[in-house]
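Down below is the structure, laid out as structure tokens.
The values are calculated or read from the model by the stated rules, or taken from the named source; none is laboratory data. Computed from a predicted structure; not experimentally measured. All Cβ positions, even for glycine, are placed from backbone atoms using ideal geometry, and neighbour counts span all protein chains on display. To get the accessible areas, we keep the full protein, side chains included, count just its heavy atoms, and leave off ligands, DNA and RNA. Shrake-Rupley method; radii C 1.70, N 1.55, O 1.52, S 1.80 Å.
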Amino acid sequence: MTEQYLEEPKAQIRKEYVDDLPMDQILADPLFNCRGLDITPASVVDLAEDIRKNGQHQPILVRPYTTKSNPKIKYAVIAGHRRHTAIKFLGKKTIEAFICYGLTEEQAYII
């Protein structure tokens with residue numbers, strides 16, 4: 001296995017706000033996304049336009065992640081796949097996010 005979510009032992013879940021998390025460190029795993037593979041740049045044009053005009057209203061949620069195939073990746077999207085795609089569509093280099101620590105796989109799916 002070359003990819004793995006980094007889970008902390010059963011500890012208190014905590015979130016850390018980051019207003020400029022680098023986009024190139026974030027994996028948006030389509031298999032983890034509850035909307036499946038339906039999110040494309042074309043499907044988020046309206047959202048991207050709103051973000052361009054008004055800013056990002058809500059941070060995305062990510063959790064620590066590692067992969068040997070791309071050591072630059074440090075996080076994976078838990079919630080906010082459409083916002084992540086819209087920000088990417090806009091060509092922005094950073095995104096507002098909460099990094100969630102201590103989540104189990106089940107808790108991440110529930111979120």
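For every residue, the table says whether it meets (1) in contact with a helix residue (DSSP H, G or I) (Cβ under 7 Å, 6 or more places away or on another chain); (2) farther than 21 Å from Asp19 by Cα.
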site: Phe32; (1), (2): no, yes
site: Leu47; (1), (2): yes, no
site: Gly55; (1), (2): no, no
site: His81; (1), (2): no, no
site: His84; (1), (2): no, no
site: Phe89; (1), (2): yes, no
site: Ile95; (1), (2): yes, no
site: Glu105; (1), (2): no, yes
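Can you find even one residue in region 30-44 that is of a type outside the set (S, T, N, Q), open to solvent by less than 30 Å² (accessible area, probe 1.4 Å) and modelled with pLDDT of 90 or more? No.
On the stretch given as region 61-81, residues that are in contact (Cβ under 8 Å) with a residue 24 or more places away in the chain, in a loop (DSSP other than H, G, I, E, B) and among the small types (Gly, Ala, Ser) total 1. Screening region 87-111 for residues that are of a type in the set (A, V, I, L, M) and over 30 Å from Lys53 (Cβ atoms) and picking the one that is nearest to the chain's Cα centre (by Cα) gives Ala108. Out of all the residues in region 82-111, which are farther than 17 Å from Pro64 by Cβ and in contact (Cβ under 8 Å) with a residue 60 or more places away in the chain? Scanning region 82-111 gives Ile87, Lys88, Lys92, Lys93, Thr94, Glu96. Kindly establish whether Ile78 is under 14 Å from the mean Cα position of the chain (by Cα), aliphatic (A, V, I, L, M) and farther than 17 Å from Ile26 by Cα. It is false that Ile78 is under 14 Å from the mean Cα position of the chain (by Cα), aliphatic (A, V, I, L, M) and farther than 17 Å from Ile26 by Cα.
Keeping to region 82-102, report how many residues are in contact with a strand residue (DSSP E or B) (Cβ under 8 Å, 6 or more places away or on another chain) and outside any loop (DSSP other than H, G, I, E, B).
So the count comes out to 11.
Quick check on this structure: which one of Glu7, Glu49, Glu96 is at pLDDT 90 or above and surrounded by 15 or more Cβ atoms within 10 Å (Cβ to Cβ)? Being at pLDDT 90 or above and surrounded by 15 or more Cβ atoms within 10 Å (Cβ to Cβ) holds for just one of Glu7, Glu49, Glu96, which is Glu96.
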